[in-house]
1. Of chain B, which part is the longest with no trypsin sites (Lys or Arg not before Pro) in a loop (DSSP not H, G, I, E, B) and with at most 13 other C-beta atoms within 10 angstrom?
2. At most 10 other Cβ atoms within 10 Å and a DSSP loop assignment: could you name the GluC sites (Glu not before Pro) in segment A:1-105 that fit?
3. Given a Förster distance of 25 angstrom, what is the FRET efficiency for B:GLU15 paired with B:VAL44, based on the Cβ-Cβ distance and rounded to 0.05?
4. Can you tell me which lysines have their Cα less than 23 Å from the Cα of B:LYS100? Leave out same-chain residues fewer than eight positions away.
5. Find the accessible area per residue for segment A:5-110; the probe is 1.4 Å, ligands and nucleic acids are left out, and the unit is Å².
6. Which residues among segment A:75-89 fall inside the zone where the amide N is under 16 Å from a point 7 Å beyond the Cα of A:THR114, along Cα→Cβ?
7. How many angstrom lie between the Cα centre of segment A:61-82 and the Cα centre of segment B:74-113?
8. Which value, in square angstrom to the nearest 100, describes the accessible area buried between chains A and B on both sides, using a 1.4 angstrom probe?
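The values are calculated or read from the model by the stated rules, or taken from the named source; none is laboratory data. These figures come from a predicted structure and were not determined experimentally. Every residue, glycine as well, gets a Cβ built from its backbone with ideal geometry; the counts of neighbours run over all protein chains shown. Ligands, DNA and RNA are stripped out before the accessible areas are found, and what is left, the full protein with its side chains, is counted by its heavy atoms. Shrake-Rupley method; radii C 1.70, N 1.55, O 1.52, S 1.80 Å.
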Amino acid sequence: GAGVSQSPRYKVAKRGQDVALRCDPISGHVSLFWYQQALGQGPEFLTYFQNEAQLDKSGLPSDRFFAERPEGSVSTLKIQRTQQEDSAVYLCASIGGQVGASYEQYFGPGTRLTVT
Amino acid sequence: TQLLEQSPQFLSIQEGENLTVYCNSSSVFSSLQWYRQEPGEGPVLLVTVVTGGEVKKLKRLTFQFGDARKDSSLHITAAQPGDTGLYLCAGAGNPGTASKLTFGTGTRLQVTL
């Protein structure tokens, strides 16, 4: 597709369940970011990949959060033993990174996670 | 914890009115970006400002970066219902690099007929 896609768009999980959120970046984009956006707030940085390497995971709120990008394209954000405070929209963004390319972050539509 | 404070948090105005949104930080950023986000979608970049004192115009939108590169404003002239959305400022790193964004608290704008 032409843009960043995320799936599922909506996820309802019972407290304690594990969830996996998928991000398909724009084809060929080198850099990928995950952000968490609580209701009524601006997004907050979670983690950053350059190709398959996770270069910054300083924003992950706890060790229940884990992200991977094994082949340098699709990324998965996994949350184990979900808690109510994990309820938020999870946004993925990608950047081209090639010489001469724009460094604009292109965002996907997000996955709205509700933990009950 | 968000380092960038936006004001106002919510603004409801009628079509044709002017408005200004402010973004303030105690930190200096190499560049600052403004985004607009509509319900169910991700943020979309409107502009990037880099130089202290810089002013950029995008049709009816005017963006200004403070001299000390710690604050910014967005002014909309003659607002239209299509301007409705969540406006976010974001501190970024050096242009031309892939850097994480530090978003502001957001300003929700509603423009009615």
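1. My reading of the result: B:1-58 is the longest stretch.
2. A:GLU71
3. Computed FRET efficiency for B:GLU15 and B:VAL44 comes out at 0.70.
4. Excluding near neighbours in sequence, the set is A:LYS57, A:LYS78, B:LYS56, B:LYS70.
5. On a per-residue basis, segment A:5-110 sits at 48 Å².
6. Residues A:83-89 fall inside that zone.
7. Using only Cα atoms, the two centres lie 28 Å from each other.
8. 1600 Å²
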